[in-house]
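Read-outs: derived from the displayed coordinates by stated rules, not from any lab. These numbers were taken from a predicted model, which means no experiment stands behind them. Cβ sites come from the backbone with ideal geometry, for glycine too, and all protein chains shown count toward neighbours.
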């Protein structure tokens, strides 16, 4: 077998040579098998018999070394995979990362052991069957869900979509991983909005562009308020220009029904993303809304570009959809309703769609010129 002496000779050596000789034979046999390339079926079966005899008899270090060598083989049967997994020790993670193929049975055995680091490694693989995926999604582990969220070979739909969306609400790293994906509906990350990076907050808002949404419970609160949109934007602009953010917090709490902690986050959000949601939900136009955002935000590097992006969002995002996003912050809606066909965006984002350049955005220019004329200083 594989250039060795007959199998009976190995049996005799194992039985009469002691542990030291068994260790040597195990390492030599595993090394020879790994170098063999693609073995024939009889060769694989004969090696399985030999390996099953050698591994239990050899010492711990020899078993780990032999398993590491065997793990580099081009082809492993489920039986040999099990020997590798059971004996490789600290090298298990690299083996699971680099193995060209793994049988479902091997992966299911690892999941059954609830080895979280190993399961998280499995969750990054491209060859996961639905049976294995179902078991991984049943695990109550943040590490596993973070790996699943970042695995672009997993299509987020059905039960998988629901599980990932729920996990994003509890783990900001899962939310960030999903935010980086183009195949995940960023609108489902609304409950994790304040845990996301600046770019991904804007991505959540953009996911509501040109999109119908179910009726938002908070819409009734907005309708019952007697505050006119113009008065609201003037009040906010004045408070932000004077850097009176605690008073902004109180005002937002009074008009939105959101708790003061959340309103404090909005008042101190220098990116302007969360404030944009409030302004648009109350029907603010780009012209009035940008006046507030100019004073509330910090745009030292790319001020014009950020303002231009918000200007475009004022026209693309409806007040109703931003009210729905506010309701999501309060946990009042089932965001998975957005996966229904009637709530899908009207148009899909195209790479060919040209965005208006910041320098040529008339809404931004008018807002900045108006502020210059009335002499209102920006908040420090």
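Points to keep in mind about this one:
- Footprinting exposure proxy for 171, 198, 183 (fewest neighbouring C-beta atoms within 10 Å first): 183, 198, 171
- Computed extension gain for residue 260 through residue 181, at 0.36 nm per residue and net of the alpha carbon distance, reaches 25.2 nm.
- Residues 194, 95, 310, ranked from the fewest to the most other C-beta atoms within 10 Å, line up as 194, 95, 310.
- Between segment 209-288 and segment 92-124, the alpha-carbon center distance in angstrom: 48 Å
- Footprinting exposure proxy ranking of 237, 44, fewest other C-beta atoms within 10 angstrom first, gives 44, 237.
- Separation of the residue 244 and residue 197 label points, Cα + 7 Å toward Cβ, nm: 3.7 nm
- For segment 146-169 versus segment 309-328, the gap between their alpha-carbon centres in whole angstrom: 25 Å
- Label-point separation, residue 229 to residue 173 (7 Å along Cα→Cβ), nm: 4.2 nm
- Residue 340 versus residue 285: modelled label distance in nm, points set 7 Å from Cα along the beta carbon direction: 3.4 nm
- Our estimate of slack between residue 162 and residue 140, defined as 0.36 nm per intervening residue step minus the Cα-Cα distance, is 6.5 nm.
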